[in-house]
């Protein structure tokens, strides 16, 4: 997101939205709190301008 990154376990206010985790090692999804959606393994989470969601 433009506001930065997601901290897994932290409260969030837009359910169903995605963001990169704060260490860029996973993708997070908002479900009341930021939850792990997908680990990136050795890749980095990136969210280029114009992309609808982040990816590894």
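Read-outs: derived from the displayed coordinates by stated rules, not from any lab. In this text the structure is predicted, and so the values were computed from the model without any measurement. Cβ: placed from backbone, ideal geometry, glycine included. Neighbour counts: every protein chain shown.
What's the exposure ranking of 8, 27, going from fewest to most Cβ atoms within 10 Å? Walk me through the intermediate numbers first.
Numbers: 8 14, 27 22.
Neighbour counts put them in this order, fewest first: 8, 27.
Spin-label point model (7 Å from Cα, Cβ direction): what's the residue 46 to residue 22 distance in nm?
Going by the 7 Å Cα→Cβ label model, 2.4 nm.
What is the spread of the Cα atoms of the chain along each of their three principal axes, largest first, in whole Å?
Projected onto the principal axes, the Cα atoms of the chain cover 26, 24, 16 Å.
Residue 38 versus residue 7, label points 7 Å from Cα toward the beta carbon: distance in nm?
That separation, rounded to one decimal, is 2.6 nm.
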